[in-house]
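Below is one structure, written out as structure tokens, with a few remarks after it.
What follows is calculated from the coordinates using simple rules that are stated; it is not laboratory data. Since we're looking at a predicted model, the values are computed, not measured. All Cβ positions, glycine included, derive from the backbone under ideal geometry; neighbour counts span all protein chains shown.
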Amino acid sequence: MNAGDPVVVIKQNLAGEETWRYSGRVLRIEDHSVIIEAPFNRPDSLFHGLLFRENDRFVETFYTDRWFNIFEIHDRDDDRIKGWYCNITRPAVIEDGRISYVDLALDLLVYPDGRQLLLDEDEFEALGLDEDTRRKALEGLAQLRWMLRQLG
């Protein structure tokens with residue numbers, strides 16, 4: 001996989017079943033991560049005060065050594081940053097032309113002013129994760145929150 005290459009992203013549930021698939025383009029590859037660009041492929045929707053619009057530009061970072069991913073959301077018209085949507089996940093699997101990750105329900109929405117909103121705590125608890133996976137997911141959340149506070 002090289003910069004400029006097309007890539008397919010596959011989101012999976014805890015059972016490893018595909019729940020969402022979309023296409024993007026590789027921007028950069030680093031030792032334990034890949035950064036891609038992908039247009040938002042769902043209809044316009046207001047989500048906790050942020051308007052996600054079809055074809056907004058998402059700059060997404062997937063890690064092979066961290067329990068989260070980060071989606072930086074840019075407006076489709078003027079490219080301003082609307083915020084960051086972050087998923088708590090198992091580390092991503094990055095293969096030639098494909099990125100897959102297992103979503104662990106817990107999400108963090110970060111507004112441009114730095115406010116953070118934790119989402120789907122009930123869904124996370126309902127997964128019934130084993131203690132090691134639960135601990136790693138919550139450690140990932142703490143690391144993610146710390147990283148994003150450094151942006152402000």
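Structural remarks
- Per-residue Cβ neighbour rank within 10 angstrom, fewest leading, Thr133, Thr89, Thr61: Thr133, Thr61, Thr89
- Taken about its Cα centre, the stretch 70-152 carries a charge dipole of about 320 debye when Lys and Arg each add +1 at the Cβ and Asp and Glu each add -1 at the Cβ.
- Sorting Trp84, Trp67 from the fewest to the most surrounding beta carbons within 10 angstrom yields Trp84, Trp67.
- Contact order normalised by residue count of the chain, Cα under 8 Å, 6+ apart, percent: 18 percent
- Between the stretch 1-55 and the stretch 89-152, the C-alpha centres lie 15 angstrom from each other.
- Environment charge at His32 (Cβ cut-off 9 Å; Lys +1, Arg +1, Asp -1, Glu -1): -2
- Order of Phe58, Phe68 - criterion: other Cβ atoms within 10 Å of each residue's Cβ, fewest first: Phe58, Phe68
- DSSP-defined antiparallel bridges as percent of all bridges, the chain, nearest 5: 90 percent
- Those trypsin sites (Lys or Arg not before Pro) in the stretch 22-93 that DSSP places in a loop and that have at most 11 other beta carbons within 10 Å: Arg80
- Charged-residue dipole, Cβ positions (Lys, Arg, Asp, Glu), the chain about Cα centre, Debye nearest 20: 280 debye
- Highest-MSF residue in the chain out of Leu117, Leu109, Leu46 [GNM, Cα springs under 10 Å]: Leu46
- Positive minus negative residues near Arg42 (Lys, Arg vs Asp, Glu; Cβ under 13 Å): +1
- Evaluated over the stretch 6-147, the Cα radius of gyration and Dmax, each in Å: 14.6, 44
- Considering only Leu141, Leu127, Leu51, the residue lying farthest towards the positive end of the dipole of the stretch 6-147 is Leu51, judged by Cα position with unit charges set on Cβ.
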